[in-house]
1. Per DSSP H run of at least 4 residues, take -39500 (n - 2.57); add these up for the chain, divide by its residues and hand me the 222 nm value, nearest 500 deg cm²/dmol.
2. For the chain, set up a GNM with springs between Cα atoms under 10 Å and report which of ALA27, ALA83, ALA68 has the largest fluctuation.
3. Below 8 Å, C-alpha to C-alpha, sequence gap of six or more: please give me the relative contact order for the chain in percent.
4. Once you have the Cα-Cα distance between ALA41 and VAL65, take 0.36 nm times their residue separation minus that, and quote the gain in nm to one decimal.
5. Using the C-alpha atoms of segment 21-73, what convex hull volume per residue, in cubic angstrom, is computed?
6. Give me the dipole magnitude in Debye, nearest 20, for the chain about the Cα centre, with unit charges on the beta carbon: positive for Lys and Arg, negative for Asp and Glu.
Amino acid sequence: MSLQMVRFRTDSGTAAEVRSQRARVFAALHAASPQGVVCTAYSGESGPDFILALEMEEAPENPLVELAQAAQLRELISRAVGAPVIQEPSTVVGSYNS
């Protein structure tokens with residue numbers, strides 16, 4: 001299993017645009033329906049802090065690479081924070097699911 005996370009903060013003016021583009025990415029993911037992939041986004045209700053997580057179980061390649069909407073989100077994030085945002089490989093060290 002592979003887990004990649006991206007954390008970033010935008011200015012408050014860009015946060016709404018990031019939320020809107022993020023919704024387009026999820027719509028494209030739902031349409032593509034890749035198997036073995038869990039994509040999760042976290043943010044405050046209206047704040048500028050975001051976390052994006054991509055978990056892949058045995059998926060041959062990252063499905064976000066092929067989505068134009070995801071490329072547009074990456075470009076928007078880079079502009080908003082002033083530099084490319086680096087994906088951080090992460091390890092799940094605990095989980096509870098009821």
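1. On the way: 2 runs with 35 residues, N = 98.
The helix-only estimate for the chain comes to -12000 deg cm²/dmol at 222 nm.
2. Maximum fluctuation in the GNM of the chain, among the listed residues, is at ALA83.
3. Numbers: 129 pairs, mean separation 42.5, N = 98.
Over the chain, the number comes to 43 percent.
4. Numbers: separation 24, 0.36 × 24 = 8.64 nm, distance 1.68 nm.
In short, 7.0 nm is gained.
5. Details: hull volume 4.0 nm³, N = 53.
Measuring per residue, one finds 76 Å³ for the Cα hull of segment 21-73.
6. Numbers: 7 positive and 11 negative charges, 60 e Å.
The calculated dipole for the chain is roughly 280 debye.
Values quoted throughout were computed directly from the atomic coordinates according to the rules given, and no laboratory measurement underlies them. Please read these numbers as outputs of a predicted model, since none were measured by experiment. In this analysis, Cβ positions are derived from the backbone assuming ideal geometry, glycine residues included, and neighbour counts consider all displayed protein chains.
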